[in-house]
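A short worksheet on the structure shown next.
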Amino acid sequence: MDILLHPESGVQKIVAMLFAILLFVVVVAVVLFITNLPKRMPSWGVALLFLLPSLALICFGLIYPSIVTFRNSFYGRDGTQGVGWANYVQIFTNPDFLRVLLNTVLWTILVPLVSTIVGLVYAVLVDRTRYEKFAKMLIFLPMAISMVGASIIWKFVYDQRVGLLSAVYVWVAKLFGHTVTAPQWLMNAPLNTFLLIFVMIWIEAGYAMTVLSTAIKGIPEDLVEASRLDGLNGWQQFIYLTIPMIRPSIVVVVTTVAMAGLKSFDIVRTMTAGNYDTSVIANEFYTQSFQNQNTGLGAALAVLMFIIVIPVVVFNIFQLRKSQDVR
Amino acid sequence: MSEKKKKLTRREKALIRTKNKLSSPWATAISIIIAALWTIPTVGLLVTSFRQNRMAISTSGWWTSLLPKNWSDFGLANYKTVLGSGYNLGSYLINSFVITIPGVLIPITLALLAAYAFAWCDFPGKNILFVIVFALQVVPVQVTMIPLLTQYVKWGINNTFWVLWLCHTIFGLPLAIFMLHNFMCDIPRELVEAAKVDGAGDVQVFLKIVLPLMVPAVASFAIFQFLWVWNDLLVALAFAGNTPATAPLTARLSDMVGSRGSAWYLLAPGAFIAMIVPVLVFLFLQRYFVRGMLAGAVKG
């Protein structure tokens, strides 16, 4: 049995994986078999059996833990001593945590704002050009690269000695007659936070571009033609026709990317680990919960994320329904 | 009269043409700048991953190696180093596969069953239950982590693949159910009802009618779940124990950045080994990926 729980070699790991899949197949087969057993299974019976595995997992893995975390956020380090609002007070008064909150706000605003603008501009510019497919792929590809991969790519650009950014910096300074060495980009607050945010923008712009490009292509041809005949130039067309027509898609993109920005963990973790004033809530949660063993504070940070994300999601849902009604 | 109108249109067209000509150099320039900014960083690291001279990597920019006189420097030595016994990225690569395959299969299958129940069965409280499942997408993974970890430790299965499979299944379920349900509702009602009139039970309908029609939807969600699980760092760090036994490539790479932050001869090939699989999946199945994205399948 130890192979299944703690496989060591690659082959053992694959055996364990195949066993898990087999076990799962058996469970599903049993569910289907039981459902099929009676001559006429009532509809609610089918629903019960089909929903049971999912609902059990959701209760165990999402609902119950959320309640426990909510409770923990009012308890101390190890979750045994009630401390009232102390964890929250600490987050909102301690300057280090205020910095974390400020950074999170920057992430949640700048990432959706800039990546949507870049995505939109690019979608409009390459629309109906000869290289459209290829051009879109270039922007789209970072979405497949993991955030860890993206972090490494950009950490290389920001490298003080051999990075492209440093080289450009030195070269521009030389143009103006100065001889300088590049700074330690990622150690310089507050610039470093913006450099990290740019990595996220780099990833999310492809998403914004794709969704908005599809929306742009959905604008009826005769409207575009009419606006052209009315003498609107490219810029006016963009402002008075394109933007209003794709407004619902823009809102969906902005809110979705805002959520991603709020939860961003991988980039901060990999590039600076939250040092040099770059931490955000998602990273601070990890640091407090898993490194400082401060369950209460970690729980309060997690609850805070939850509270911030709710209005964004609700707004998104309303907007999505509105746009679906329009279609 | 008609000739005059024609002329006007022609003049107007010419006007538009000049305007387009005026704006197009700027448009072209901006799009090229964006494309370059989005591509060159990756190219730079890729070039670096093939540079064999470690001294040169840490003292000169990657672009200098593109001069023809430096071409002899390129080779696979860095890849051999990171895959070799010292850094052993190969075994982390296996971990990534072992984590990802069930992490995609299991939630999708369970979600298909649940989506069928929500789409084609009648039972009291159906709508409320569906809204609850949908709303659970809001819960950030962070909120659930410590209680789950406590439970896993109690059961003695922490730091095993089982925990990762379980977590990726749980975290993927709400979105999977929501999205597959939306696709499933697009199946014509008559098709399902006709089959039932012919005496087919729900299991037959599910297996023989609904499943085949769901293949494109399953494909689009599968790519999302694949990318999400393969590229995950948070769940892996929290539950996998960051050891060669269970940690995926992302965790190992993140670790290497921390401990060997400027060893680009290691980080560059490492990053590309971790990237190759999702990028291939992405390139081959792009069509489905875009479809899933437009259906709102984006995990925050």
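The values are calculated or read from the model by the stated rules, or taken from the named source; none is laboratory data. This structure is a prediction, so every number in the text was calculated from the model and none was measured. Glycine also receives a Cβ, built like all others from the backbone with ideal geometry; neighbour counts cover every protein chain displayed.
At a glance:
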| item | result |
| --- | --- |
| Verdict on residue B:71 being outside any loop (DSSP other than H, G, I, E, B) and modelled with pLDDT of 85 or more | no |
| Residues of segment B:260-278 that turn out to be at pLDDT below 85 and either on the phi > 0 side of the Ramachandran plot or more than 10 Å from chain A (Cβ to nearest Cβ) (or both), as a count | 1 |
| Among (1) under 21 Å from residue B:35 (Cβ atoms); (2) surrounded by 14 or more Cβ atoms within 10 Å (Cβ to Cβ) - the single one residue A:134 does not satisfy | (2) |
| Output for segment A:150-172, where each listed residue is assigned to a helix (DSSP H, G or I) and small (Gly, Ala, Ser) | A:150, A:151, A:166, A:167 |
| Residue B:116 in contact (Cβ under 8 Å) with a residue 40 or more places away in the chain, touching a Pro at 6+ places or on another chain (Cβ under 7 Å) and either not in a helix (DSSP H, G or I) or not aliphatic (A, V, I, L, M) (or both) | no |
| All helices (runs of 4 or more DSSP H) inside segment A:37-149 with 3 or more residues being of a type outside the set (Val, Ile, Thr) and more than 9 Å from chain B (Cβ to nearest Cβ) | A:86-93, A:95-126, A:132-140 |
| Check on residue A:136, touching a residue at least 12 places away in the same chain (Cβ under 8 Å) and in contact with a helix residue (DSSP H, G or I) (Cβ under 6 Å, 6 or more places away or on another chain) | no |
| Count of residues meeting criterion [aliphatic (A, V, I, L, M) and in contact with a Ser or Thr (Cβ under 7 Å, 6 or more places away or on another chain)] in segment B:146-163 | 1 |
| Any hit, segment A:232-247, residues being among the β-branched types (Val, Ile, Thr) and within 9 Å of another protein chain (Cβ to nearest Cβ) | no |
| Residue in segment B:88-99 that is free of Cβ contacts under 8 Å to residues at least 60 places away in the same chain, within 30 Å of residue A:45 (Cα to Cα) and not basic (Lys, Arg) present | no |
| Failed item in (1) outside any helix (DSSP H, G or I); (2) in contact (Cβ under 8 Å) with a residue 12 or more places away in the chain; (3) out of contact with any Ser or Thr (no Cβ under 9 Å at 6 or more places or on another chain); (4) at the interface with chain A (Cβ under 8 Å from one of its Cβ atoms), with residue B:281 passing the rest | (1) |
| Positions within segment A:80-109 being more than 24 Å from the chain's Cα centre (by Cα) and of a type in the set (Ser, Thr, Tyr), in sequence order | A:80, A:88, A:93 |
| Matching residues, segment A:291-302, being in a helix (DSSP H, G or I) and either at the interface with chain B (Cβ under 9 Å from one of its Cβ atoms) or out of contact with any strand residue (DSSP E or B) (no Cβ under 6 Å at 6 or more places or on another chain) (or both) | A:291, A:295, A:297, A:298, A:299, A:300, A:301, A:302 |
| Checklist (1) within 12 Å of chain A (Cβ to nearest Cβ); (2) farther than 25 Å from residue A:271 by Cα applied to residue B:217, failing item | (1) |
| Subset of segment B:135-158 (residues that are surrounded by fewer than 17 Cβ atoms within 10 Å (Cβ to Cβ) and either at the interface with chain A (Cβ under 7 Å from one of its Cβ atoms) or not hydroxyl-bearing (Ser, Thr, Tyr) (or both)) | B:135, B:153, B:154, B:155, B:156, B:157 |
| Sole residue being over 29 Å from the mean Cα position of the chain (by Cα) and within 7 Å of another protein chain (Cβ to nearest Cβ), chosen from B:72, B:60 | B:60 |
| Selection from segment A:226-237 of residues that are part of a helix (DSSP H, G or I) and surrounded by 15 or more Cβ atoms within 10 Å (Cβ to Cβ) | A:227, A:228, A:234, A:237 |
| Considering residues of segment B:238-280 that are over 19 Å from the mean Cα position of the chain (by Cα) and of a type in the set (Phe, Trp, Tyr) only, the residue surrounded by the most Cβ atoms within 10 Å (Cβ to Cβ) | B:264 |
| Filter result for the condition that a residue is among the β-branched types (Val, Ile, Thr) and buried (at least 24 other Cβ atoms within 10 Å of the Cβ), over A:270, A:214 | A:270 |
| Filter result (surrounded by 14 or more Cβ atoms within 10 Å (Cβ to Cβ) and of a type in the set (A, V, I, L, M, F, W, C)) within segment A:156-188 | A:156, A:157, A:162, A:164, A:165, A:167, A:170, A:173, A:182, A:185, A:186, A:187 |
| Yes/no for residue B:120 being surrounded by 17 or more Cβ atoms within 10 Å (Cβ to Cβ), out of contact with any Lys or Arg (no Cβ under 7 Å at 6 or more places or on another chain) and at pLDDT below 90 | yes |
| Test result for residue B:92, of a type outside the set (D, E, K, R), at pLDDT 90 or above and closer than 30 Å to residue A:35 by Cα | no |
| Qualifying position, being surrounded by fewer than 18 Cβ atoms within 10 Å (Cβ to Cβ), under 29 Å from the mean Cα position of the chain (by Cα), of a type in the set (D, E, K, R) and farther than 17 Å from residue A:304 by Cβ, among A:40, A:77 | A:77 |
| Considering residues of segment B:29-60 that are farther than 17 Å from residue A:152 by Cβ and buried (at least 19 other Cβ atoms within 10 Å of the Cβ) only, the residue modelled with the lowest pLDDT | B:31 |
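For every residue, the table says whether it meets (1) in a helix (DSSP H, G or I); (2) buried (at least 18 other Cβ atoms within 10 Å of the Cβ); (3) within 11 Å of chain B (Cβ to nearest Cβ); (4) not hydroxyl-bearing (Ser, Thr, Tyr).
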residue: A:251; (1), (2), (3), (4): yes, yes, no, yes
residue: A:254; (1), (2), (3), (4): yes, yes, no, yes
residue: A:276; (1), (2), (3), (4): no, no, no, no
residue: A:304; (1), (2), (3), (4): yes, yes, yes, yes
residue: A:311; (1), (2), (3), (4): yes, no, yes, yes
